[in-house]
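Chemist: Let me give you the structure first, and then I'll get to my questions.
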There are 2 protein chains.
Amino acid sequence: MNSPAEIPATTRQSERLGELIEERIVTGVYPPGTRLDEQELADTFGVSRTPVREALIQLSSVGLIEIKPRRGATVPEVGADRVCEMFEVMAELEAMCGRLAARRITPGEQLALQEAHRACEAARDANTPDIYYQLNEVFHQRIYEASHNGFLVEQATALHRRLRPYRRLQLRVRNRMATSFNEHQAIVEAIIKGDSDLAAAQLRAHVTVQGERFADLVATLRDFKAGA
Amino acid sequence: MNSPAEIPATTRQSERLGELIEERIVTGVYPPGTRLDEQELADTFGVSRTPVREALIQLSSVGLIEIKPRRGATVPEVGADRVCEMFEVMAELEAMCGRLAARRITPGEQLALQEAHRACEAARDANTPDIYYQLNEVFHQRIYEASHNGFLVEQATALHRRLRPYRRLQLRVRNRMATSFNEHQAIVEAIIKGDSDLAAAQLRAHVTVQGERFADLVATLRDFKAGA
DNA sequence: AATCACCGTTGTGTATACAAGATAGGCAAT
DNA sequence: ATTGCCTATCTTGTATACACAACGGTGATT
């Protein structure tokens, strides 16, 4: 998996470790409730405890793990309700991006946005959800940046990143791709038109739907697990 | 060296160090551009470099300092524009809290909110800005919690905390306290009435004003510094 | 005299060693 | 037999030691 060659060592090791551990958390290698033993991680990655500790501290301050004094680090049990809360906030952040973007977007950014949108269209027509998923990220990123609020861009990007695994679950929901694209269409039009309220509303709805889809999925899984 | 007695040692030292350093950053003891030497900080606080490093990493992941590989940690020059961006996001987060609170607040929370509001009123009548400042924090916290979105509460609280020093600057602006209270009054009414859109708008305006006040203040200082 | 290269110093990044607290297991007493 | 206490061990938290990279200074060469 991770060959030592691909590690440039030009950056801090703890930072790279943080990304690796984060990867393992969001991909489910370290499922919620897992106790992260420092020595164990150090052995796993072939480094000493110091960089591991630094990585854990960083992850904890981002909220990805919890560190209790003298009791170690654990992957928190992110309840489905918590994820829904996060989607709710995400919806509002995106709405804000849209509202600002509609007012502040530059001609160049308009072109970039439309280009990203057309790329999504191509992926939809080709019926390639994985590609669409990637291009969708670009599309949203374009909107973030068009808000011309650097802090907002950072916040939105961070939360988007944290929600990535849960969003990925919805990839193969029936017609999700086509529906998503249509929503994108309305969003782009609102932003280009400069209708900030409409853009905000469209984006809020667009993301809220994702949260609801997630809730549906969880409910389905719960019923399934209950063996109904 | 600080006396060991005042350190409870019940928590991680790096965490306490983080708060101390944060304190010194926001209070201007370490002004923007300052280079934070690890050994120097270690000597200052009478600890070794390890906890200092951990504290710095945590502060960096929160965005309070910047760490460049092999080049140490520095207090970033937080441009006034950046702070304004943060106020802009804060306004939206608070608006979201208000919108949700108007829909979800419980009778008990209504009472708590009104109580906090009346406490602010008392501070205003007593003309005690410091007290008002503290009670104002409680007031806003009550609204956060009434949103019934734990993640949102965390985000709003964190950002509120980061903006604290800049908000504090406005304490003694003329009539700010009275104006603030009047805005609070409208906010409470909107929430109690259950008018989510109105509550959101009121809160957004309430916080946006703070951002604008800050911008004014910065502009004034800049002119003053320019020696006009 | 100016520029480049080499060396020394300074400070970060990592590893290891040490101390303290927490947990778990066993033993004893009721 | 059960419960409470004590101890042993394991893990975290902190300190120290070492390695390496970057910056600055000085000297030699062009």
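Chemist: Can you give the angle from 0 to 90° between the axis of helix A:176-193 and the longest principal axis of chain A, with both taken from C-alpha atoms, to the nearest 10?
Modeler: On a 0 to 90 degree scale, this one is about 60.
Chemist: Computed FRET efficiency, Cβ-Cβ of residue A:103 and residue B:127, R0 35 Å: what is it to the nearest 0.05?
Modeler: 0.35
Chemist: Write down, largest first, the equivalent ellipsoid semi-axes of segment B:99-153 in whole Å, where each equals the square root of 5 times an eigenvalue of the alpha-carbon gyration tensor.
Modeler: Values for segment B:99-153, descending: 23, 12, 6 Å.
Chemist: Rg to Rh ratio, segment A:11-142, alpha-carbon atoms and Kirkwood radius?
Modeler: Rg divided by Rh gives 1.10.
Chemist: Right, another one. For residue B:193, list the aspartates and glutamates whose Cα falls under 18 Å from its own Cα; do not include residues on the same chain fewer than 8 positions away.
Modeler: Hits, sequence-local ones excluded: B:94, B:109, B:115, B:145, B:183.
Chemist: What's the average, rounded to a whole number, of partner chain beta-carbon atoms within 10 Å of each residue's beta-carbon in B:57-64?
Modeler: For peptide B:57-64, the averaged partner shielding equals 4.
Chemist: Right, here's the next one. Could you pull the Rg and Dmax for the protein assembly as shown, using just the Cα atoms, both in Å?
Modeler: 23.7, 77
Chemist: Among the trypsin sites (Lys or Arg not before Pro) within segment B:115-172, which fall in a DSSP loop and have no more than 15 other Cβ atoms within 10 Å of their own Cβ?
Modeler: Hits after loop and neighbour filter: B:172.
Chemist: Hey, another quick one. For chain A, find the longest principal axis of its Cα atoms and tell me its angle to the long axis of helix A:49-62, 0 to 90°, nearest 10.
Modeler: Rounded to the nearest ten degrees, it is 30.
Chemist: Return one number: the angle in degrees, 0 to 90 and rounded to the nearest 10, between the long axis of the Cα atoms of helix B:150-168 and the longest principal axis of the Cα atoms of chain B.
Modeler: Its long axis makes an angle of about 70 degrees.
Chemist: Another question, if that's okay. So how far, in whole Å, is the C-alpha centre of segment A:73-118 from the one of segment A:164-204?
Modeler: With segment A:73-118 and segment A:164-204 each reduced to a Cα centre, they are spaced 10 Å.
Chemist: For a quick check: sort B:35, B:16, A:53 by the number of other beta carbons within 10 angstrom, fewest at the front.
Modeler: Ranked by crowding around the Cβ, least crowded first: B:35, B:16, A:53.
Chemist: Okay, moving on. If you scale each eigenvalue of the Cα gyration tensor by 5 and take the root, what three semi-axes come out for segment A:76-193, rounded to whole angstrom and sorted largest first?
Modeler: 22, 20, 11
Chemist: Suppose only helical runs count, i.e. DSSP H with n ≥ 4. What mean residue ellipticity at 222 nm does that imply for chain A under -39500 (n - 2.57) per run, divided by all residues and rounded to the nearest 500 deg cm²/dmol?
Modeler: After summing the helix terms and dividing by residue count, I get -25000 deg cm²/dmol.
Chemist: Quick one: divide the alpha-carbon radius of gyration of segment A:4-74 by 2.2 N^0.38 Å and tell me what you get.
Modeler: Cα Rg divided by the expected 2.2 N^0.38 Å: 1.04.
Chemist: Now for a different question. In Å and on Cα atoms, what radius of gyration and Dmax does chain B show?
Modeler: Values for chain B (Cα only, Rg and Dmax): 19.8, 57 Å.
Chemist: Then there is this: So which trypsin sites (Lys or Arg not before Pro) in segment B:174-211 end up in coil per DSSP with only 11 or fewer other C-beta atoms within 10 Å?
Modeler: Sparse-neighbourhood loop trypsin sites (Lys or Arg not before Pro): B:174.
Bear in mind that the values in this text are calculations on the coordinates, not laboratory data. What you see is a predicted model, and the numbers here were worked out from it, not measured in a lab. In this analysis, Cβ positions are derived from the backbone assuming ideal geometry, glycine residues included, and neighbour counts consider all displayed protein chains.
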